[in-house]
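All of the numbers you see were taken from the coordinates with simple rules; none came from a lab. Just so we're clear, the structure is a prediction, and the values are computed from it rather than from any experiment. Ideal geometry is used to build each Cβ from the backbone, glycine not excepted, and the neighbour counts take in all protein chains shown.
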Amino acid sequence: MPIALMSIGSRHRVKAVKGNDVARKRLATMGFVEGAEVTVIAHSAGNYILGVCDSRVAVDEALAMRILV
Amino acid sequence: MANIKIALAGNPNCGKTTLFNDLTGSDQYVGNWPGVTVEKKDGRLKGAHDVVIQDLPGIYSLSPYSLEEVVARNYLVNEKPDAILNIVDGSNLERNLYLTTQLLELGLPMVVAVNMMDVVKRNGDKIDATRLSKSLGCPVVEISALKGEGTREAAELALAEAKKGVKGERPHVFTGSVEHALAHIEESLHGKVENATSRWAAIKVFERDKKAIETLGVPADIISHVEDHITDCEKEMDDDAESIITTQRYNYIQGIVGTVLTRSSRRASTSLSDKIDKFVTHRILALPIFILSLCVMWWLAVAEKGPGTILTDWANDGFLGDGWHLPFTTHACKVDGKYKDMEFEDAQGEFAKQDASKSKWEETYKESYNAKNGEGSYDKALEAFNEKAKAEFKPEKEGDEFEASEFEVLDEALAKTVVAKDVFVEDEETGEPVAKECDCEKCSKKREAGEECDGCGCGCGEPDKWDVDYAAYQKAKEWEEPDPSQFGVWVPGIGALLGDGLDKLGVGETVKSLVVDGAWGGVATVLGFVPVITIVFLFLAFLEDCGYMARVAFIMDRIFRKFGLSGKSFIPMIVGKGCGVPAVMAARTIESERDRRMTIILSTFIPCGAKTVIIAMFAAIFFREMWYVAPLMDVIGIAIIVLGGIALKKSRFFAGEAAPFVMELPAYHMPTFGGIFHHTWNRVKGYMLKAGVIIFPACVFLWFIMHFDWHFNLLADEAIEQSMLHDMGSWIAWFFAPLGFGSWQGAAASVSAEIAKEQATATLGLVAANMDGASTAAQISNLFASFGDFPKLAAMSFMLFNLFVPPCMVAIATTFREMGAAKWGWFAIAFQLFVGYALALSVYQIGVLIAGGGFGVWTAVAILVDLWVLWTIFRPARKANGELKLENGK
């Protein structure tokens, strides 16, 4: 399931990040890699705030759909 | 040893610049969002001048995506500092160590400084620095850059490492077949690349990073030789090479973090930061909250009777002007006679009454005289009287000159019969009689409570009118204007002191005019707005430091996405609230070249600190009762960005989808008083410096071309129409005529605003000096009244034009530099000029039409322009151009 569909406050382990482009590499350097623990902090009209490692990262919906948990 | 270079490297927003400032004693800008530093900065270590500390833009990894990351990577990889001081955010160890493992592979002497130890300790967590040091194979120190704890040790440790020049045992990040492949690649690279960097080169070859391979100069035969190893490895791990590296790196780091970090059990599941985020990024409330915060800022800065206005009035009329009373010391303690024991304000009120009696009676007398002796007879009689008096005039001492009388009672008998009816004091704003205030207990109480008093039977609240006869006139004549310096503790203003000082020196009128009206007048106009911009900057510093501004980018993303920009483009626009120059540079954080160009064009539409001055001046003079005008200018700025963005995106230059939006949001924290004060002071200082360095010479130059004609003859004040400035302004005034301020004054102010935006206010003050009016504000008000029948519309149009045309010349130069190509620079200017002109034209022409000013050629032009603009916004979008794909880190 994409993390975009998960409820606020839930915690998940990343199974995979789809695609193979700059955005995926970018997500990887921010900590979105296989096995990473991600929390859904908030979402606001298509944008998401995700907790990964110990930081808060804002991503748009298209990206949130690509992070599979 | 020559200069030792120590580079500060680390994730964005981990405190590099704070550490840099602490080590070097400099004053670089620090903000609580990622990407504040976009350029490498050098400074010398305090107390050790052969050590250069270098602040680099923050990076998440050594594979850069945006321009400012390229700056950092290129420096570290190609120029090689003597040592790297890697700053690691202790409260986010895992993500930060990702970069650390990459930096270690560069083979440079390195020290890891774990920052934000105060936050870590507050959370109740523990970091085992010794163990971390052992795992990473390099020295580790704990610091708190904000508090200056351990920073010196970190720098000295890095210095020691640099002098040793050797690196320790590198950690074994990779395992199994990956390590095997890497070792093999490293072996084949032996002798082809520098030994120290062989690990880094091997990984880059493994990742098939073409750019890095090119820079390292790895021969093509080696690449093809090792390709089989890479493919084997990919097959075995069922993943692409790059992901394998990333994943193994994270696995390794998780292992380290597990052993060195002891997490406190009492940690709350959702932090306060997350709770605030749920609120301020709320689906519906987010935007209202943002606009509300803008309104609060502007209320503080320019609202009538708000703190900003009170301070500005004091700065303009008091501190920089004639002088001011210390608070609560306005009691007449030094004067005897009429004003004895009065408060200054009451004395002024009393004088206004007496003055009204005097002038009204004199007027009535003149009318009666003319009625008795025929039209114009009074003026003739007064002339005859003055001539006679001049002939009889004997100077009492040398230098005395005859002064003609402006009013004389020439017919005593007539005077006794003259009574002026219904004399009143005009209210400054409405021109109506001021209301009566009686002293009865009931009314006084009501007034104190701030209520209007009426209907208590004593006439309170009714227009205050009275009659004046000859006897009353003679008494009224004796009242002299109260001298403020005789009341309480009076502090003379700089303007007054300057005038007095020049008088004492005995300089000529011309020099006095140059200094007082020209140079000082202009500079004082600009300095008078220091309170306003201080409040705006204070508020901005607070929002930036606490972390809210990064959320604004997040909120704006969904709006910006509609026209194909990401929320990241809003960061430069936030910076642009302070100044357009760093704003244009801040666009470097945007990955896509196309989006970056568009952001540069649009970001200066946000009214900057200097434009704030124009807004403040016009809000104070023309829109006092319209509190929403000032925040409206920010909203218009954002609206232009959104609509302009939509229109640009539909043009063939910018077509394409928005880049994906990924941005780290810093944790909220309560800003320190010192930090906010520091930010604000730095910006205000820059503003005041500009008043001296740019506004001062510009005003002297303007005064010069305003007071001299083309043959360099000094002109009298009345002959200003022959001046060079008048002619120059007149040549281009036609350009501004459709906007409602097509006079030489309006043209001169608008053109000079390109020097620096606040120059518009200084120039207006200068060119309006010949207008009627007691204060600069009144003179400017009269200046706009002279432009036509709709002074408020002309004022609005002037303000809009100067806010939304191309920024000042420094920002324009920065735009050209950051665009990289002159053609894009010109494009930006043409676009901005069109927007500013079209906006001012539409508001003025359509405003005039609505106000009943009739339909003219320019009204038609304005409507046509608007229709065309609407078409560019609403026409169907173009398909993306193939060549304009997202450009990856070059």
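Sort out for me the Cα centre separation of region B:672-743 from region B:7-59, rounded to whole Å.
38 Å
Please give every one of the lysines within straight-line cross-link reach of B:LYS512, meaning a C-alpha to C-alpha distance under 19 Å, and leave out same-chain neighbours fewer than 8 residues apart.
Answer for B:LYS512, where 19 Å is the Cα cut-off: B:LYS504, listed by chain and number.
Roughly how big is chain B's charge dipole about its Cα centre, with Cβ charges of +1 (Lys, Arg) and -1 (Asp, Glu), in debye to the nearest 20?
Charge dipole of chain B: 4440 debye, to the nearest 20.
I need the peptides B:531-541, B:385-395, B:769-779, B:754-764 ranked by packing, meaning the mean over residues of other C-beta atoms within 10 angstrom, with the highest value on top.
Output ranking for B:531-541, B:385-395, B:769-779, B:754-764: B:754-764, B:531-541, B:769-779, B:385-395.
What does the charge dipole of region A:3-68 about its Cα centre add up to, to the nearest 20 debye, if the Cβ of each Lys and Arg holds +1 and the Cβ of each Asp and Glu holds -1?
The dipole of region A:3-68 has a size of about 140 debye.
Just how far, in whole angstrom, is region B:509-546 from region B:233-249 if you go by their alpha carbon centroids?
60 Å
Averaged over B:660-672, how many beta carbons belonging to a partner chain fall within 10 Å of each residue's beta carbon?
For peptide B:660-672, the averaged partner shielding equals 5.
With the cut-off at 22 Å, tell me which of the pairs B:LYS41/B:LYS80; B:LYS40/B:LYS192; B:LYS126/B:LYS275; B:LYS46/B:LYS121; B:LYS40/B:LYS823 have Cα atoms farther apart than that.
B:LYS40/B:LYS192; B:LYS126/B:LYS275; B:LYS46/B:LYS121; B:LYS40/B:LYS823
Give the residue from B:ILE4, B:LEU62, B:ASN74 lying farthest towards the positive end of the charge dipole for region B:4-164; charges sit on Cβ (+1 for Lys and Arg, -1 for Asp and Glu) and the dipole is referred to the Cα centre.
B:ILE4
Across peptide B:243-254, how many C-beta atoms of other chains are within 10 Å of each residue C-beta, on average?
The per-residue average across the peptide is 4.
If you fit an axis through the alpha-carbon atoms of helix B:791-804 and take the longest principal axis of the Cα set of chain B, what angle between them do you get, 0 to 90°, nearest 10?
20 degrees
Rounded, prolate or oblate: which fits chain B, taking a ≥ b ≥ c as square roots of the Cα gyration tensor eigenvalues, rounded meaning a/c under 1.5, else prolate when a/b beats b/c?
Since a/c reaches 1.5 and a/b is larger than b/c, the shape of chain B is classed as prolate.
Other chains near A:27-38: what is the mean number of their Cβ atoms within 10 Å of each residue's Cβ?
Neighbouring Cβ atoms belonging to other protein chains average 6 per residue here.
How far apart, in nm, are the 7 Å Cα→Cβ label points at B:ASP50 and B:GLU441?
8.8 nm
Any chance you could give the angle, 0 to 90 degrees and rounded to 10, that helix B:344-373 forms with the longest Cα principal axis of chain B?
Approximately 40 degrees, to the nearest 10.
With 41 Å as the cut-off, how large is the P(r) tail for the protein assembly as shown, expressed as percent of Cα-Cα pairs?
51 percent
Of B:SER603, B:PHE654, B:ILE574, which is farthest along the charge dipole of region B:543-664 in the positive direction, counting Lys and Arg as +1 and Asp and Glu as -1 at C-beta?
Positive-most Cα among the choices belongs to B:PHE654.
Hey, if you put +1 on the Cβ of every Lys and Arg and -1 on every Asp and Glu Cβ in the protein assembly as shown, which of B:LEU382, B:ASN682, A:ALA16 ends up farthest toward the positive end of that dipole?
After comparing all options, I get A:ALA16.
Which value, in debye to the nearest 20, gives the size of the charge dipole of region B:532-884 about its Cα centre, when Lys and Arg are +1 and Asp and Glu are -1 at the Cβ?
With Lys and Arg at +1 and Asp and Glu at -1, about 1460 debye.
Taking the 0 to 90 degree range and rounding to the nearest ten, how far is the long axis of helix B:809-819 tilted relative to the main principal axis of chain B, both from C-alpha atoms?
For helix B:809-819, the angle is close to 20 degrees.
Summing -39500 (n - 2.57) over the DSSP H runs of n ≥ 4 in the protein assembly as shown and dividing by its residue number, what mean residue ellipticity at 222 nm do you reach, to the nearest 500 deg cm²/dmol?
Per the formula, -16500 deg cm²/dmol.
Quick check: Cα centre of region B:160-218 to Cα centre of region B:819-862, how many Å?
Centre-to-centre distance over Cα atoms comes out at 58 Å.
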